[in-house]
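Each remark here refers to the structure printed beneath this line.
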Amino acid sequence: MKILMVLTSHDRLGDTGKKTGFWLEELAAPYYVFKDAGAEITLASPKGGQPPLDPKSDEPMFQTELTRRFTADKDANAQLAATVRLDGVDQADFDTVFYPGGHGPMWDLAEDENSIRLIESFVAAGKTIALVCHAPGVLHRVRNADGTPFVEGRRVTGFTNSEEEAVGLSKVVPFLVEDELVSLGAVYSKVKDWGVHTVVDGQLITGQNPASSAEAAEALITALGRAEARAV
């Protein structure tokens, strides 16, 4: 299995003067789901090189066994420091793509033409894609071949309005993930704030929040296994 993981290059939390980036658990948990399943992982970002880590995600209250494993993993950190540029990535080289969240993707990946084309190419190739937390918002410019929104009529989840309100950033983010997905015609579902919730709809897998990132990654591994079995 060859899995591409796409991270944000954006580090500014709107006009707050605070830093943002990718959320550590949303990288670390899927990374080890994939690695422990024997996958070959490539990390990419719009600018390449070291992507910004949301400093809040590395605070003690948000650390997990897997975030600590990642922090101590020299090979993983070397790979993170040298992400490939998104404009040089070809979906033909990968079986799937996974987008971790954090607030950063709301500013860059959500509007990035290379990311939009990449996702559309995975979909056109019949490959499964997965996104977690804020990353489902990255789909808001993605279109089907007929020009309709990719998420229209699809079952999805993503960071909820109430979760955004709880972290005090409802007025800071460019848009609310839940509202945006609903406005595009998605069939959006959620559970209680910070609960684990993953939705699988054909080629699309989405997770609600950081706690859902491992489950979403496991669902992706399952989907890849089924695809491989059909190809045999």
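The values are calculated or read from the model by the stated rules, or taken from the named source; none is laboratory data. What you see is a predicted model, and the numbers here were worked out from it, not measured in a lab. All Cβ positions, glycine included, derive from the backbone under ideal geometry; neighbour counts span all protein chains shown. What goes into the accessible areas is simple: the full protein's heavy atoms, side chains included, and nothing from ligands, DNA or RNA. Shrake-Rupley method; radii C 1.70, N 1.55, O 1.52, S 1.80 Å.
Okay, here's what the table says:
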item: Theoretical FRET efficiency, 1/(1+(r/R0)^6), r = Cβ-Cβ of residue 81 and residue 125, R0 22 Å, to 0.05; result: 0.15
item: Carbon plus sulfur fraction of accessible area for region 76-232, probe 1.4 Å, in percent; result: 50
item: Inter-site label distance for residue 171 and residue 58 at 7 Å from Cα along Cβ, in nm; result: 3.0
item: Loop-located GluC sites (Glu not before Pro) in region 135-181, at most 13 other Cβ atoms within 10 Å (DSSP); result: 152
item: GNM result for the chain, Cα springs below 10 Å: residue of 167, 182, 138 fluctuating most strongly; result: 167
item: Region 92-173: translational diffusion in µm²/s, Stokes-Einstein, Kirkwood Rh over Cα pairs, 20 °C, 1.002 mPa s; result: 159
item: Among 67-78, 184-195, the order from most to least packed when residues are scored by Cβ within 10 Å on average; result: 184-195, 67-78
item: Sites residue 72 and residue 114 - FRET efficiency at Förster radius 30 Å, r taken between beta-carbons, to 0.05; result: 0.40
item: Computed Kirkwood radius, in angstrom, where 1/r is averaged over Cα pairs of the chain; result: 17.3
item: For region 128-139, Karplus couplings with θ = phi - 60° (6.51, -1.76, 1.60), whole Hz, Gly/Pro x; result: 7, 10, 9, 9, 10, 6, 7, 4, x, x, 5, 7
item: Integer Hz, Karplus 6.51/-1.76/1.60 couplings in order for region 17-26, x for Gly and Pro; result: x, 9, 8, 9, x, 8, 8, 4, 4, 6
item: Using θ = phi - 60° and Karplus 6.51 cos²θ - 1.76 cosθ + 1.60, couplings along region 92-104 (whole Hz; Gly, Pro as x); result: 4, 8, 9, 8, 6, 9, 10, 10, x, x, x, 6, x
item: Entries in 18/47; 35/74; 47/171; 18/171; 18/190; 2/35 that, when Cα-Cα distance is taken, lie over 18 Å; result: 18/47; 47/171; 18/190
item: Surface accessible to a 1.4 Å probe, per residue, for the residues of region 80-232, Å²; result: 41
item: Other-chain or far-sequence residues with amide H under 5 Å of residue 187's (modelled H); result: 153, 154, 155, 156
